[in-house]
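Here the structure comes first, spelled out in C-alpha cells, and everything after it is commentary.
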Amino acid sequence: MQLFRVEKLFTTKMAKNSKKVQKNTKKENIFKRLAENRYAKFQYEISETIEAGIELLGTEVKSIRNGKANLRDGYCSFRNGEILLLNVHISPHKNVGSFFNHDPLRHRKLLLHKKEIKKLKANTEKKGMTIIPLSIYLKGSWIKLTIGIGKGKKLHDKRLAEKQKSIKREIKSALKR
C-alpha cells in the first residue's frame with residue numbers, strides 16, 4: 001500500500017515538472033518583431049545573419065517595447081574585442097524624468113560569443129563588407145537583435161533587383177486572374 005502511494009506521488013511530481021517544461025518552451029517560441037530595417041535589404045546584399053543580445057538600460061527596454069526604435073542608419077563596429085551597435089536611435093521614454101532617461105544615440109554593446117565576434121571581424125575585413133542591424137524582436141522575454149553581414153549594392157544592382165521584383169508582382173497578378 002505504502003509503495004503504491006510513493007509511486008503515485010513520484011509520477012504526479014514528474015507530470016507537474018513536464019508541464020512546467022512545456023510552458024517554458026511555449027514562452028521561448030513567442031517572437032514579436034519590434035523594429036525592422038527594411039532599407040538595409042535594399043542597400044546591401046545580405047550574405048549571413050546572426051542573432052545577438054543587446055546590453056540595454058531599463059528605459060531603453062520600455063521604449064523598444066513601445067516600438068520607439070529606429071535601425072535605419074545603424075551599423076556595428078569593433079572596439080577592444082567587443083562589438084558595438086552604433087547610430088541606432090532609441091527614443092527616450094516619456095513617462096520618466098530626464099534624470100533616469102538615456103541618451104538616444106549611445107553606443108550599445110552586443111552580446112556574442114568570442115568565436116562569433118572573431119568570425120564577424122574576419123568577414124568584415126574583406127573588401128566592402130559591413131555589419132548592419134536588420135531587426136529587433138522579443139524572444140520570450142528577451143530583446144534580441146538580428147545583424148547581417150552585407151556588401152553594399154551598386155546602382156545597377158538595385159535597378160536589377162527592382163526590375164525582378166516588379167516582374168514577380170506581374171506574374172502573381174496574372175496568376176490570380
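Here, each number is a calculation from the coordinates, and none is a lab measurement. These numbers come from a predicted model, not from an experiment. Every residue, glycine as well, gets a Cβ built from its backbone with ideal geometry; the counts of neighbours run over all protein chains shown.
Per-structure values
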quantity: Taking the C-alpha atoms of the stretch 31-157, convex hull volume expressed per residue in Å³; calculated: 108
quantity: Contour minus Cα-Cα distance for Asn95 and Lys121 (0.36 nm per residue); calculated: 5.5 nm
quantity: Pairwise FRET efficiency - Ala174 versus Lys139, Cβ, R0 = 35 Å, nearest 0.05; calculated: 0.35
quantity: Peptide ranges 159-171, 37-49 listed from the most packed, as the mean C-beta count within 10 angstrom indicates; calculated: 37-49, 159-171
quantity: Long-range amide H partners of Lys153 with built H, under 5 Å; calculated: Tyr44, Glu45
quantity: Among 119-130, 70-81, 136-147, the order from most to least packed when residues are scored by Cβ within 10 Å on average; calculated: 136-147, 70-81, 119-130
